[in-house]
Amino acid sequence: QSAHSNRVTYHPTIHFTDQAILGWWCDCFTGARFLGCCSHIASAIWFLSYQRWQTQQHHMPSGEYKNLTTDSIQVSDFYDSSDDDDDSQRYSLA
């Protein structure tokens, strides 16, 4: 069910095997795109591949999330990240 509208329900569908995700589809507006995936698919993949296998609950107060970000003022505008890209790998879940 949509978080923004109580009357809208989306149906994310993921086609997968034990080794790979073969494809996905969601009937939301963003899910109809050909590149990337919508938040419904991303959250389902995250839950099925990671969260449901966690044995301990990790609670982090919301104030600690700011420590996970980088202040954009401290990052140079001239940083070339193209050398860091691995063009042979299309997607990674880790």
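Below are the figures for this structure:
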item	result
Cβ-derived FRET efficiency at R0 35 Å, Leu22 paired with Gln54, nearest 0.05	0.90
Nitroxide proxy distance, nm - points 7 Å out along Cα→Cβ at Asn67 and Thr30	2.9 nm
Nonlocal amide H pairs with Cys28, under 5 Å, H built at 1.01 Å	His11
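Where a number appears in this text, it was derived from the coordinates with a stated rule and is not lab data. Treat the numbers as computed from the prediction; the structure is a model and nothing was measured. Cβ: placed from backbone, ideal geometry, glycine included. Neighbour counts: every protein chain shown.
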